[in-house]
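In what follows, a single structure is set out as structure tokens and then discussed.
The values are calculated or read from the model by the stated rules, or taken from the named source; none is laboratory data. As the structure is a computational prediction, the values presented were derived from the model and not from experiment. Here the Cβ positions follow ideal geometry from the backbone for every residue, glycine too, while neighbour counts run over all protein chains shown. Ligands, DNA and RNA are stripped out before the accessible areas are found, and what is left, the full protein with its side chains, is counted by its heavy atoms. Shrake-Rupley method; radii C 1.70, N 1.55, O 1.52, S 1.80 Å.
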Amino acid sequence: MGENICRRLEGRHALVTGANSGIGRAIAIRLAQEGASVAINYVTHPEAADAVVKEIVDTGAKAIAVQADVSNEQQVDAMIEQVVKELGGLDIMVNNAGFETQHSFLEMPADAWRKVLDVDLTGAFLCAQRAARVMVNSGTGGAIVNITSVHQVIPWGGFAHYCASKAGLDMLTKTAALELADQKVRVNAVAPGAIKTPINQNVWSNPETLNDLLRKIPTERMGETDEVAKAVAFLSSDEASYITGAVLFVDGGMTLYPEFRHGG
Ligand code: BGC
């Protein structure tokens with residue numbers, strides 16, 4: 001039996017970055033199911049972006065694919081222009097694009113550090129700023145949702161660049177929310193925990209590392225991408241009309257200090 005999804009985003013126009021796989025893909029599909037027209041941003045693998053567009057269009061909703069490297073200012077400007085023109089507006093901006101690489105702190109090349117900060121933090125800044133300008137100028141405002149991570153608060157060995165970018169995105173969210181609150185633009189974050197996607201396939205495809213991961217999650221399972229997407233849809237909608245500068249953790253309790261669950 002299918003889920004009964006309310007169409008609380010009817011008439012809205014959304015842009016989701018990194019929407020050709022994983023969490024971004026699920027967000028794009030969910031926003032469309034709730035009534036939004038959706039732009040699917042991607043940087044590589046156009047065929048995957050086209051597949052998401054097709055999946056959405058087949059349900060009768062509107063979707064387009066837009067290529068842009070979110071860390072490139074000119075490409076972001078061109079993307080925002082294209083989305084406004086082809087969808088007819090931009091009311092929902094979801095900054096999901098991001099990646100991680102693993103390097104011990106002592107060995108991390110500066111280039112690896114810069115690349116992650118460029119995409120995961122600067123990319124979200126550029127898209128949020130450009131989208132906010134459109135939302136403010138339209139007079140009707142909008143909603144920005146930044147996808148952070150439990151690693152905005154949990155330090156993670158081997159991922160100093162990723163943790164720093166996610167912690168930075170947390171404060172970017174709050175500061176932008178503060179500045180834009182009187183201009184009808186809400187800015188919030190969703191912080192996923194261990195969600196089963198290609199980004200962590202190396203961990204969940206190996207029984208030993210999967211078991212180690214599950215010990216860190218009180219619900220004793222990994223999350224599904226649509227469990228993150230539902231939280232994003234809520235924060236994008238008018239049901240969250242008085243919520244701004246908030247971070248919603250979708251992590252099965254990962255941030256609850258799981259080692260303390262049996263006392264001791
Ligand atoms: C990372 C995943 C990781 C999860 C929990 C996410 O932000 O992208 O690789 O499994 O955090 O540690």
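Among the residues making up region 221-236, those that are surrounded by 20 or more Cβ atoms within 10 Å (Cβ to Cβ) and away from the ligand (no atom under 16 Å from the Cβ) are 233, 235, 236.
Could you pull out the residue among 120, 182 that is under 21 Å from residue 22 (Cβ atoms) and of a type in the set (Asp, Glu)?
Working: 182 fails: under 21 Å from residue 22 (Cβ atoms).
Result of the check over 120, 182: 120.
Scanning region 155-187 for residues that are in contact with a strand residue (DSSP E or B) (Cβ under 7 Å, 6 or more places away or on another chain), within 16 Å of the ligand (Cβ to nearest atom) and more than 10 Å from residue 245 (Cα to Cα) gives a single hit, 169.
The single condition among (1) more than 15 Å from the ligand (Cβ to nearest atom); (2) buried (at least 19 other Cβ atoms within 10 Å of the Cβ) that residue 250 does not meet is (1). Taking the listed residues 102, 152, the one that is open to solvent by 40 Å² or more (accessible area, probe 1.4 Å) and within 14 Å of the ligand (Cβ to nearest atom) is 102, with no other qualifying.
Look at (1) in a helix (DSSP H, G or I); (2) open to solvent by 40 Å² or more (accessible area, probe 1.4 Å); (3) within 11 Å of the ligand (Cβ to nearest atom); (4) among the aromatic types (Phe, Trp, Tyr) and you find that residue 125 fails only one, number (3).
Just checking, how many residues over region 1-39 are under 16 Å from residue 57 (Cβ atoms) and open to solvent by 60 Å² or more (accessible area, probe 1.4 Å)? The total comes to 2.
Within region 253-264, restricting attention to residues that are open to solvent by 100 Å² or more (accessible area, probe 1.4 Å) and assigned to a loop (DSSP other than H, G, I, E, B), which residue is farthest from residue 218 (Cα to Cα)? Once the filter is applied, the top-ranked residue is 264. The single condition among (1) closer than 20 Å to residue 251 by Cα; (2) open to solvent by 30 Å² or more (accessible area, probe 1.4 Å); (3) among the aromatic types (Phe, Trp, Tyr) that residue 113 does not meet is (1). Note on region 129-149: among residues that are among the aliphatic types (A, V, I, L, M) and crowded, with 21+ Cβ neighbours inside 10 Å, the one that is farthest from residue 199 (Cα to Cα) is 135. If the condition is being open to solvent by 40 Å² or more (accessible area, probe 1.4 Å) and of a type in the set (A, V, I, L, M), then region 173-191 contributes 178, 181.
The residues of region 203-220 that are outside any loop (DSSP other than H, G, I, E, B) and either more than 9 Å from the ligand (Cβ to nearest atom) or open to solvent by less than 60 Å² (accessible area, probe 1.4 Å) (or both), listed by number, are 203, 207, 208, 209, 210, 211, 212, 213, 214. Tell me, which residue of region 221-252 that is part of a loop (DSSP other than H, G, I, E, B) and aliphatic (A, V, I, L, M) is farthest from residue 8 (Cα to Cα)? Going through the qualifying residues, I end up with 222.
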